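The values are calculated or read from the model by the stated rules, or taken from the named source; none is laboratory data. Bear in mind the structure is a predicted one, so any value in this text is a computation, not a measurement. We place every Cβ from the backbone using ideal geometry, glycine too, and count neighbours over all the protein chains shown.
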Amino acid sequence: MKVMGEAMINGIIFGSRVKLARQERGYTIEKAAELCDVSESIWRQYERGARFPTINHFIELCKVMEQRPEYFLSNELFDLYKANDRLIEKLNKLPDEDLEILEAAADKMIERISMRANRI
């Protein structure tokens, strides 16, 4: 049984997210490569997870695909950002007085957690 190394897994995650971002934008491989100033061959390597871009190409890729760098790099961090964005959307819909109540409740919870941690 062959075990995949962390670098290979990260490459697969990166590649699948590059492909998904391109497809969500409606770009062909040719168009995405052109917009990011890389060859089609290099773009295909990105999508296979066989190659990572240089920092300059990575910055351009994020801009062109309208994604945060975390989207391409980390499962856990990306999931955290998605959850954070969903929570912010919900909070923005609440009236100010409800936000104040939530903030006070959060402060109380943090205080209790700190007190428990200090006892341990």
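Here Leu20 fits the description: surrounded by 13 or more Cβ atoms within 10 Å (Cβ to Cβ) and under 24 Å from Lys82 (Cα atoms).
A quick yes/no check of all residues on (1) in contact with an Asp or Glu (Cβ under 9 Å, 6 or more places away or on another chain); (2) over 17 Å from Pro69 (Cβ atoms); (3) of a type in the set (A, V, I, L, M); (4) assigned by TED's automatic domain parsing to the domain that holds Pro69:
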{"position": "Ile13", "(1), (2), (3), (4)": "no, no, yes, yes"}
{"position": "Ala21", "(1), (2), (3), (4)": "yes, no, yes, yes"}
{"position": "Gly26", "(1), (2), (3), (4)": "no, yes, no, yes"}
{"position": "Lys31", "(1), (2), (3), (4)": "no, yes, no, yes"}
{"position": "Glu34", "(1), (2), (3), (4)": "yes, yes, no, yes"}
{"position": "Asp37", "(1), (2), (3), (4)": "yes, yes, no, yes"}
{"position": "Glu40", "(1), (2), (3), (4)": "yes, yes, no, yes"}
{"position": "Tyr46", "(1), (2), (3), (4)": "no, no, no, yes"}
{"position": "Thr54", "(1), (2), (3), (4)": "no, no, no, yes"}
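Whether a residue is at pLDDT 90 or above and charged (D, E, K, R) was assessed, and Glu89 does not pass this test.
Condition check ((1) charged (D, E, K, R); (2) at pLDDT 90 or above; (3) touching a Cys at 6+ places or on another chain (Cβ under 9 Å)) across all residues:
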| site | (1), (2), (3) |
| --- | --- |
| Asn10 | no, no, no |
| Gln23 | no, yes, no |
| Glu34 | yes, yes, no |
| Leu61 | no, yes, yes |
